[in-house]
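Chemist: Here's a structure for you.
The values are calculated or read from the model by the stated rules, or taken from the named source; none is laboratory data. This one's a predicted model, so the numbers in the text were calculated from it and none came from an experiment. Cβ sites come from the backbone with ideal geometry, for glycine too, and all protein chains shown count toward neighbours.
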Number of protein chains: 2
Amino acid sequence: MEAGTVLDLNQLRRSCGSCALHELCLPAGIDRQDMERLDTAVRDKRTLDRGKLLFRQGDAFHALYVVRSGSLKTYVENPAGDAQILGFSLPGEIVGVDALADDRHQCSAEALERTSICELPYSMMQQVTRDVPSLHRQLMRVISREVVAEQSHLVMMGRQQAQERLATFLRSLSERYGRLSRDTATLTLPMSRYDIANYLGLVVETVSRLFGRMEDAGILSVNRKTVRILRPDLLAGLCGNARPLPRGREAG
Amino acid sequence: MEAGTVLDLNQLRRSCGSCALHELCLPAGIDRQDMERLDTAVRDKRTLDRGKLLFRQGDAFHALYVVRSGSLKTYVENPAGDAQILGFSLPGEIVGVDALADDRHQCSAEALERTSICELPYSMMQQVTRDVPSLHRQLMRVISREVVAEQSHLVMMGRQQAQERLATFLRSLSERYGRLSRDTATLTLPMSRYDIANYLGLVVETVSRLFGRMEDAGILSVNRKTVRILRPDLLAGLCGNARPLPRGREAG
DNA sequence: GCGCGCACTTGACCCTGGTCAAGCCGCGCG
DNA sequence: CGCGCGGCTTGACCAGGGTCAAGTGCGCGC
């Protein structure tokens with residue numbers, strides 16, 4: 001595509017104020033004037049195609065990023081070569097915070113689908129957050145949310161059974177879709193079964209079987225990337241310490 | 001104890017500059033003048049006895065805290081009543097960052113032994129970090145370290161076997177002891193076996209057995225709270241994907 | 001339209017680590 | 001000095017979920 005021939009409106013981020021996400025993102029709770037200051041620190045970033053990396057573990061740190069549309073996965077690779085997925089980032093969510101510790105990214109971020117990004121060059125951010133206390137506060141808030149999200153992930157990995165993990169994952173995704181004003185009952189999963197399994201500390205076969213059992217139990221309807229939550233109440237029940245759903249395919 | 005009758009020098013934090021931890025803690029890399037500004041934002045906090053809570057999940061957020069001596073565990077409790085330990089905090093380490101997200105502590109912090117604490121009231125911190133850019137940068141660095149530490153914990157929970165988890169835990173503890181200029185080979189564990197097991201996502205029996213096997217393999221000598229690392233090289237080997245140590249108590 | 005590949009599903013089997021139960025040991029207390 | 005308790009260890013057994021292998025089906029290129 002030649003520059004100028006096709007005009008993608010999503011590409012033209014005019015300002016945080018005119019962005020549909022501004023209530024969810026860094027500008028949340030910031031007044032009009034301060035938001036204009038924030039705008040000076042935000043740069044657009046080219047859209048990433050599926051599978052492309054936003055940054056790679058070990059890269060020098062230049063900027064924080066916010067997902068505008070699409071989604072990312074962040075993961076760390078260990079010396080042995082296998083990865084652990086740390087999280088999935090939906091629109092309005094920030095990535096790159098781990099790089100503040102020592103000016104190198106500690107994880108990689110990869111687009112799960114065509115994804116556009118706002119870039120917050122850190123030098124500009126520092127200046128603006130210094131001048132705008134409300135933005136400073138809000139940045140801390142957003143970073144702290146990262147910490148809290150990782151804590152929930154840890155609880156899931158440490159204390160929950162496979163079935164509870166998948167149920168918790170689906171509920172959390174549904175809730176985040178809700179915040180984006182999407183349908184909370186129809187999830188279009190941008191990540192593969194392998195990614196889900198890895199994120200949950202399971203193997204893909206286990207995830208597949210659990211989807212099957214939840215479908216048999218009438219809680220979900222699953223069709224490739226599309227998961228319908230038919231019984232949110234029962235799904236919520238599976239997040240606690242419920243008994244495992246039956247394994248047989250027609251013993252009911 | 002009456003005020004003034006017994007003078008505990010550790011209780012009298014004169015300033016960050018005179019604190020033995022200042023190279024590890026918030027003041028790291030900050031010049032003399034800025035450190036004096038920081039001092040105005042730091043308050044001493046009464047020492048906590050073993051088992052006492054610094055803050056509790058759900059408490060209103062007032063301050064961040066830094067361990068001066070002793071140690072803490074942080075943990076979240078789920079509705080079902082059981083807890084997941086998120087981490088152990090040694091001197092120089094910050095706690096309470098998760099509360100910045102929505103002004104409530106998301107986890108509880110409990111002293112594992114007699115522990116003294118520096119308190120950083122957040123309103124003062126905000127003011128000081130605003131005036132002192134180097135301190136702002138350093139606070140972000142310290143918070144980001146929290147994120148990175150949780151990421152490592154996640155990798156451990158998601159991808160490592162029981163034996164690798166315990167080995168990784170011991171190595172990490174040893175390394176942190178080193179930073180505090182303590183002996184890296186002789187660990188005095190302030191936490192119980194139950195705490196270790198919980199932190200690692202295992203049960204106490206498994207931890208006990210693994211200590212036994214590592215002792216049989218000549219890697220450790222274990223005596224209640226005292227663990228000597230006899231072969232740091234072999235311990236490092238167990239952190240990767242090594243084969244499990246033999247289970248039998250004399251088949252070697 | 002056909003065939004290939006990849007993502008996913010399904011089944012059979014097995015192993016790591018959890019559960020349950022008993023025993024040990026160091027410590028505080030009567 | 002003996003008792004009891006709590007933290008820890010040890011053993012026997014079991015099951016949740018991992019491994020291995022085969023099968024299904026959608027999408028894409030030719």
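Chemist: Failed condition for A:Arg247, given (1) within 13 Å of another protein chain (Cβ to nearest Cβ); (2) within 12 Å of DNA strand D (Cβ to nearest atom), with all others met?
Modeler: Every condition holds for A:Arg247 apart from (1).
Chemist: Can I ask one more? For region A:190-204, name all the residues that are closer than 13 Å to A:Leu166 by Cα and not hydroxyl-bearing (Ser, Thr, Tyr).
Modeler: A:Arg193, A:Asp195, A:Ile196, A:Ala197, A:Asn198, A:Leu200, A:Gly201, A:Leu202, A:Val203, A:Val204
Chemist: Within region A:107-134, work out how many residues are within 17 Å of the chain's Cα centre (by Cα) and either facing chain B (nearest Cβ under 10 Å) or not hydroxyl-bearing (Ser, Thr, Tyr) (or both).
Modeler: Count: 10.
Chemist: Moving on. B:Arg209: near DNA strand D (Cβ under 10 Å from one of its atoms) and either closer than 30 Å to B:Ala28 by Cα or not assigned by TED's automatic domain parsing to the domain that holds B:Glu110 (or both), yes or no?
Modeler: yes
Chemist: If I go through region A:138-169 residue by residue, how many of them are within 23 Å of A:Leu187 (Cα to Cα) and within 16 Å of DNA strand D (Cβ to nearest atom)?
Modeler: Total meeting the criteria: 13.
Chemist: Please go through region B:121-138 and give me each residue that is closer than 18 Å to B:Ala101 by Cβ and surrounded by 22 or more Cβ atoms within 10 Å (Cβ to Cβ), ordered by number.
Modeler: Hit for region B:121-138 is B:Thr129, nothing else.
Chemist: Oh, and also: In this structure, does B:Val155 turn out to be closer than 27 Å to A:Gln161 by Cβ, within 11 Å of DNA strand C (Cβ to nearest atom) and outside any loop (DSSP other than H, G, I, E, B)?
Modeler: When the stated conditions are applied, B:Val155 does not pass them.
This table checks each residue for (1) touching a His at 6+ places or on another chain (Cβ under 7 Å); (2) part of a strand (DSSP E or B); (3) of a type in the set (S, T, N, Q); (4) under 20 Å from A:Glu146 (Cα atoms).
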| residue | (1), (2), (3), (4) |
| --- | --- |
| A:Arg46 | no, yes, no, no |
| A:Gln57 | yes, no, yes, yes |
| A:Val67 | no, yes, no, yes |
| A:Lys73 | no, yes, no, yes |
| A:Val76 | no, yes, no, yes |
| A:Gly81 | no, no, no, no |
| A:Gln84 | no, yes, yes, yes |
| A:Phe88 | no, yes, no, yes |
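Chemist: So, in region A:171-206, how many residues would count as being on the phi > 0 side of the Ramachandran plot and within 15 Å of DNA strand D (Cβ to nearest atom)?
Modeler: Going through region A:171-206 one residue at a time, the tally reaches 1.
Chemist: What number of residues within region A:40-59 satisfy the criterion of being farther than 22 Å from A:Asp98 by Cβ and within 23 Å of the chain's Cα centre (by Cα)?
Modeler: 5
Chemist: Okay, moving on. Looking only at region A:204-242, count every residue that is more than 9 Å from DNA strand C (Cβ to nearest atom) and within 14 Å of another protein chain (Cβ to nearest Cβ) and tell me the total.
Modeler: Residues meeting the conditions: 7.
Chemist: For region A:27-37, name all the residues that are touching a residue at least 12 places away in the same chain (Cβ under 8 Å) and out of contact with any Pro (no Cβ under 6 Å at 6 or more places or on another chain).
Modeler: A:Pro27, A:Ala28, A:Gly29, A:Ile30, A:Asp31, A:Arg32, A:Asp34, A:Glu36, A:Arg37 - these are the residues of region A:27-37 that are touching a residue at least 12 places away in the same chain (Cβ under 8 Å) and out of contact with any Pro (no Cβ under 6 Å at 6 or more places or on another chain).
Chemist: Okay, next question. Tally up the residues in region A:158-168 that are of a type outside the set (Ser, Thr, Tyr) and either surrounded by fewer than 22 Cβ atoms within 10 Å (Cβ to Cβ) or part of a loop (DSSP other than H, G, I, E, B) (or both), please.
Modeler: 6
Chemist: Please pick out the residue among A:Ser181, A:Ser172 that is closer than 23 Å to B:Asn78 by Cβ and surrounded by fewer than 17 Cβ atoms within 10 Å (Cβ to Cβ).
Modeler: A:Ser172
Chemist: Look through region A:66-89, keep the residues that are out of contact with any Phe, Trp or Tyr (no Cβ under 8 Å at 6 or more places or on another chain) and more than 11 Å from chain B (Cβ to nearest Cβ), and return whichever of them is surrounded by the fewest Cβ atoms within 10 Å (Cβ to Cβ).
Modeler: A:Ser69
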